[in-house]
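The values are calculated or read from the model by the stated rules, or taken from the named source; none is laboratory data. Every value quoted in this text rests on a predicted model; they were computed, and no experiment measured them. Cβ atoms come from the backbone with ideal geometry, glycine included; neighbour counts cover every protein chain shown.
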Amino acid sequence: MTLSADKRRKTIARLQAAGIPIPLEDHSATKPDLLVESLKGSLAFDLKMGSEYLMNVKISNNSYGDLLVGELRGHLLEEDWELTFQGDPKEHDPERKTYRMLSGRYVRYQSVLNHRLATELAPGSSIEGKLLALSITDKIPESYLHGLAVPLELILTDQYGREHRSIIEISVDRTATMVKPKILRRVARSLYQSSELEAPNFVRNFALRPPTAKENAAKNVEESELMKRLASLLQRPDLDAIESKLEAKIK
């Protein structure tokens, strides 16, 4: 099966973005004059409304003449909606020292390329920095999981109207929209909670306590019975004395 030139270009660009080496002849054949390469730290942020993109890139001029970027467009490779690249904040406030992204993130002005693309690039030269883009209405597709590296196509149009396409890799960040797990605190429950059984009332005080009235009455009865029995024993005749008297009479 033979791929069309456009599909072949996209396939090779995706392989390059994933770090897979391409044969020299194919690589040179698909290398644009204005090449965008992804650097570490490129992120696509999923927001509650829309999405925003921070692309850490290197733009190189591979031609034999000076080139500048007249127009910049971009989109996720599998989506047809385009990104909006942020304008220069100093056009409205010359004292501004940062770019403010859609989510409220601030990026240092000097590290951003958005306002520097109009500068001509000499043959063989390159610039590095961040490209900031957003989409107010379009969110990152749900099939792109948090932390997944996805391809994004950038289209640079030079001063001659020629388009230079590159595909970079960008990681998805869903921190702002991820459902945070609820931490359930375990509540200790009594053995007899929600039960018809009455909880036993254990006596925890083991100190000696005075006897109750019933206990005193029972004790008095026992003592009186003991005394009666002792008295009856004391009133019995002395058997030894009676036996000695009988013996004396017989004699």
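What do you reckon, is LYS58 modelled with pLDDT of 90 or more, basic (Lys, Arg), closer than 23 Å to TYR144 by Cβ and not in a helix (DSSP H, G or I)? Quick ask: steps written out before the conclusion?
On the way: modelled with pLDDT of 90 or more: yes; basic (Lys, Arg): yes; closer than 23 Å to TYR144 by Cβ: no; not in a helix (DSSP H, G or I): yes.
Against the criterion (modelled with pLDDT of 90 or more, basic (Lys, Arg), closer than 23 Å to TYR144 by Cβ and not in a helix (DSSP H, G or I)), LYS58 does not qualify.
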Index of the failed condition, GLN86 passing every other in (1) touching a residue at least 60 places away in the same chain (Cβ under 8 Å); (2) within 22 Å of VAL57 (Cβ to Cβ); (3) not acidic (Asp, Glu):
(1)
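Name every residue in region 83-125 that is among the charged types (D, E, K, R) and more than 29 Å from the chain's Cα centre (by Cα), in order of residue number.
Those that are among the charged types (D, E, K, R) and more than 29 Å from the chain's Cα centre (by Cα): ASP88, LYS90, GLU91, ASP93, GLU95, ARG96, LYS97, ARG116, GLU120.
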